[in-house]
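Notes follow once the structure below has been shown.
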Amino acid sequence: MKLIQLLLLCCALLLIFAVNLSLGSVSIPFLEVPSYLWEGISSNEQSAFATILYEYRLPKALTAMLCGVALSQGGLYMQSLFQNPLAGPYVLGISSGASLGVALAILFATGLKEFFYSAFGLSLASYHLQLGGAILGSSLLLALILHFSHRIRSNTALLILGLMIGYVAGSLVSILAYFGSQQELQSFLHWSFGSFDRVPWERLPTIAIPIILCTLGSLFFLKSLNTLCLGESYAASLGVSVQRTRQFLLLSTSVLAGTVTAFCGPVAFIGIAVPHLTRILFQTQDHRILVPACSVLGACLCLISDTLSQLPGSSQTLPLNAITSLIGAPLIVWILLRQQSTSQGVN
Amino acid sequence: MSTSLLSCYNLSTGYQLKSMEKLVHENLNLEIQSGELIGLLGPNGAGKSTLLRTLSGLQDSINGKVFLKGDLMKAVPPKTRAKTLAVVLTSKISDQFLKVGEFLALGRYPYTGWSGYLSPNDHEILDEVIDQLKLGNFVHRNMTELSDGERQRVLIGRALAQEPSVVLLDEPTSFLDLPHKVELMHLLWELSRKRGVSFLYSTHDLELALKVCDKIMILNQKQGKGTYFIDSPEVLIQSGIIEDVFCKGGLQFDPYTASFQIQQSSKFPLNWELNSLDKLQTSLTEMALSRLGFERKGEATLSLQFNREEQSYQLTQEGQIKQSCQSLGELIEILHQKSNDFAPISTKINNG
């Protein structure tokens, strides 16, 4: 039953993927997408459509899907760990931490590059620095929040704390931006709008490998994740190593959120909205269903957001962040209202 | 080493408060044998939950050792421990989409592989638990849709799915009404006899515990120091420990019925003679008299009799019938009136 639902969702993903490829500033006939793609892969002499598809739209669509997978998984892990439906990489300020890292990486790009070259003989590209900065920033913030989470038992207080830390990181970013040069500022601003089109083929492995590794790692924690919904004491009484599960979840969330943020900017709301949607669609708490379902649904939602932000038929594009917020924020309001009414119904 | 299921020697419980160590109890010794039902009692804040958490290995002891089947608890691998010891906690399970069946299946966690796949044997054990606790009607419901009584049974079911030898329960009866409390205690008692599972449960319901438990452990705090007693209910009653610990603020313990009575502060003298009533009626009438604050005194001017021929209660003062009535209800009304007449005097005396 749930597996059939999952299969249907995969079919939907395939369809959305194809639509995403066919739409854009120039519309490529939907049914001819596969043949142009094949042309792009196989032959050297390509038509314009094949070039657009293969060199531009395909990596963009793949990036969007990877981001969807990463952010929704990160959100699911945070919600299971904090046992709070409002947790998510963006809400807990983890994305802000990544932003801070990226801002620093952009601002001190030349200095850092020189440092790494002279110290380790490494010639790094800007995106390497951004990736490193983002993952460092997000894990630092997560560690900070985790440190407080031991002392603060109330989840609401913890979320508020996450928001506050996020604000502080945000204002530090503003201060850094203020001192940056015109060019640095512009490049940072452009990054902060969010977009999936900054990952050409040669960089795709850099974003794909961490996300795939985290997803594979999660397979070993599916059982533990299921017991966490009973609370840490019950989980421990069942023989789960709560400490190890917690470490994995935090590490993989920082890597997932950090990787996405480094390349695509702070993408809002996917991480919090998708796990919710998945639970409501699948009516289950079983992470063996939730993790794959979340990933597929997250990929769908990111593809849809990307398609919309491309404003099909026009040469303009909207900031991705605006679209995900426009979709995500009402969703969360709806979920909150729905929760309120169900809890009243129970009482 | 002894072969008891769960035991502790010279155990000190407590918790870390910031950098300070807060000691709750010292030198606790306890041995739980197979099939024993043990009630853990004590006033609020006596350290019952702390002891349960320490015994279940969820919390470190400050000092002393806990043994599970003769092995040091700390040295037992978590999965092995989970196959011997299960807990039922007070924390609320608020997951919207968690089905009762899925919740019970989580009890099989220590036995399943990495994917959590349930083998036919696992299903068999789950079915047995569902059957034994009569959970069949709600395995498909969500956890949030259960009543308090149903939920408690499901929680115990999940613990039993672990096939434990010993189960520790933190206040399993606290939100239940009396019939459900009794039902639950009966269930634990039955499980301890039929399956040989030992239960240690904390509770505030001493009267019920005295009637079903094999042993009772009483924790108390006296002048900041923890004391404890453990024995069979009858021996505890005999030694007067129960009165010592629990009889505060007008509470009296009646060792004959193993129940508590509320001591009335104002006492009105009354002489009564109810021999002609049957046993139940006598007991009920005396209950009403005690509740309304009357005390039996031979020299009292006011006296109450039951006249068998007329089938009526008679209140007499110096040999003269003042009032009479047919039913217990009427008598209570009259006595209530009388106690109000007395009251101003007694308050005066109290104030004086």
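Each value in this text was obtained by applying a stated rule to the coordinates, not by laboratory testing. Because the structure is a prediction, the values reported are computed rather than measured. Counting neighbours? That spans all protein chains shown, and the Cβs are built from the backbone with ideal geometry, glycine included.
Observations on the model:
- Shielding by partners, peptide A:227-235 (average Cβ within 10 angstrom, other chains): 6
- Among A:311, A:228, A:53, the largest mean-square fluctuation in a Gaussian network model of chain A, built with springs joining Cα atoms closer than 10 Å, belongs to A:311.
- Considering helices alone, the calculated mean residue ellipticity of the protein assembly as shown at 222 nm is -17500 deg cm²/dmol, with DSSP H runs of length four and up weighted by -39500 (n - 2.57) and normalised per residue.
- Debye, to nearest 20: dipole size of segment A:2-342, +1 on Lys, Arg Cβ, -1 on Asp, Glu Cβ: 1060
- Around residue B:66: net Lys/Arg minus Asp/Glu count, Cβ-Cβ under 14 Å: +2
- Annotation: for a label point projected 7 angstrom from Cα along Cα→Cβ of residue A:127, residues of segment A:178-212 with backbone N closer than 11 Å are A:197-208.
- Protection proxy ranking, peptides B:246-252, B:106-112, A:289-295, B:28-34, average beta carbon neighbours within 10 Å, highest first: A:289-295, B:106-112, B:28-34, B:246-252
- Size of segment B:238-284 as Cα extents on the principal axes (Å, biggest first): 38, 25, 14
- Computed on the protein assembly as shown, the Cα convex hull volume stands at 246 Å³ per residue.
- Rounded tilt (10° steps) of B:120-132 against the dominant C-alpha axis of chain B: 0
- Counted charge near residue B:173, where neighbours are those whose Cβ lies closer than 9 Å (Asp, Glu -1; Lys, Arg +1): -1
- About its Cα centre, the protein assembly as shown has a charge dipole of approximately 1200 debye under the convention of +1 per Lys or Arg Cβ and -1 per Asp or Glu Cβ, with nothing else charged.
- Looking at segment A:41-105, the pairs of alpha carbons with a distance over 16 Å make up 64% of the total.
- Positive-end extreme of charge dipole, chain B - chosen from B:133, B:263, B:25 (charges on Cβ): B:25
- Other residues within the sphere of radius under 14 Å centred on the Cβ of residue B:195, judged by their own Cβ, net out at -3 (K and R +1, D and E -1).
- In Hz, Karplus ³J(HN,Hα) per residue of segment A:122-133 (6.51, -1.76, 1.60; θ = phi - 60°; x = Gly, Pro): 9, 9, 9, 8, 4, 5, 4, 4, 5, 4, x, x
- Computed from label points 7 Å out along Cα-Cβ, the spacing between residue A:1 and residue B:124 is 2.6 nm.
- For the peptides B:280-290, A:209-219, the ranking by packing is A:209-219, B:280-290, with the highest mean count of neighbouring Cβ atoms within 10 Å listed first.
- Structure remark: mean-square fluctuation, Gaussian network model of chain A, C-alpha springs under 10 Å; the largest value among A:299, A:61, A:109 belongs to A:109.
- Rounded to the nearest 0.05, the FRET efficiency derived from the C-beta distance between residue B:273 and residue B:193 at R0 = 60 Å is 0.85.
- Label point at residue B:15 placed 7 Å out along Cα→Cβ; residues across segment B:45-80 whose backbone nitrogen lies under 18 Å: B:45-63
- Here the Gaussian network model covers chain B, with springs between Cα atoms less than 10 Å apart; of B:42, B:14, B:113, B:113 fluctuates the most.
- Three-way shape call for chain B based on the alpha-carbon gyration tensor, with the a/c threshold at 1.5: prolate
- When you filter the trypsin sites (Lys or Arg not before Pro) in segment B:1-74 for DSSP loop state and at most 11 other Cβ atoms inside 10 Å of their Cβ, you are left with B:18.
- Taking the empirical scaling 2.2 N^0.38 Å for compact globular proteins as reference, segment B:1-112 has a Cα radius of gyration ratio of 1.19.
- Computed across segment A:121-210, the Kirkwood hydrodynamic radius from all distinct Cα-Cα pairs reaches 15.7 Å.
- Residues of segment B:287-306 with amide N under 19 Å of a point placed 7 Å along Cα→Cβ from residue B:252: B:287-300, B:304
- Loop-located chymotrypsin sites (Phe, Trp or Tyr not before Pro) in segment B:140-212 (DSSP state other than H, G, I, E, B) with a sparse environment of at most 14 neighbouring Cβ atoms within 10 Å: B:175.
- Selection from A:147, A:18, B:217 lying farthest towards where the dipole of the protein assembly as shown points positive, charges on Cβ: A:147
- Dipole of chain A, positive direction: furthest Cα of A:192, A:273, A:284, with charges on the beta-carbon: A:284
- Each residue, residue A:190 and residue B:326, gets one label point 7 Å from its Cα in the Cβ direction; the gap between the two is 10.2 nm.
- Counting only alpha carbon atoms, the long axis of helix B:328-351 and the longest principal axis of chain B meet at about 90°.
- Each Lys and Arg adds +1 at its Cβ and each Asp and Glu adds -1 at its Cβ; summed about the Cα centre, chain B shows a dipole of about 1140 debye.
- For segment A:1-90, a Kirkwood hydrodynamic radius built from all Cα pairs, placed in the Stokes-Einstein relation at 4 °C and 1.567 mPa s, yields a translational diffusion coefficient of 85 µm²/s.
- Overall shape: oblate for chain A, with the ratio a/c of the largest to smallest alpha carbon gyration tensor axis at 1.5 or above and b/c at least equal to a/b.
- Whether segment B:254-333 is rounded, prolate or oblate, judged on the alpha carbon gyration tensor where a/c under 1.5 counts as rounded: oblate
- Angle in degrees between helix B:148-161 and the longest Cα principal axis of chain B, rounded to the nearest 10: 40
- Nearest-0.05 FRET efficiency for residue A:177 and residue B:299, computed from C-beta distance (R0 60 Å): 0.05
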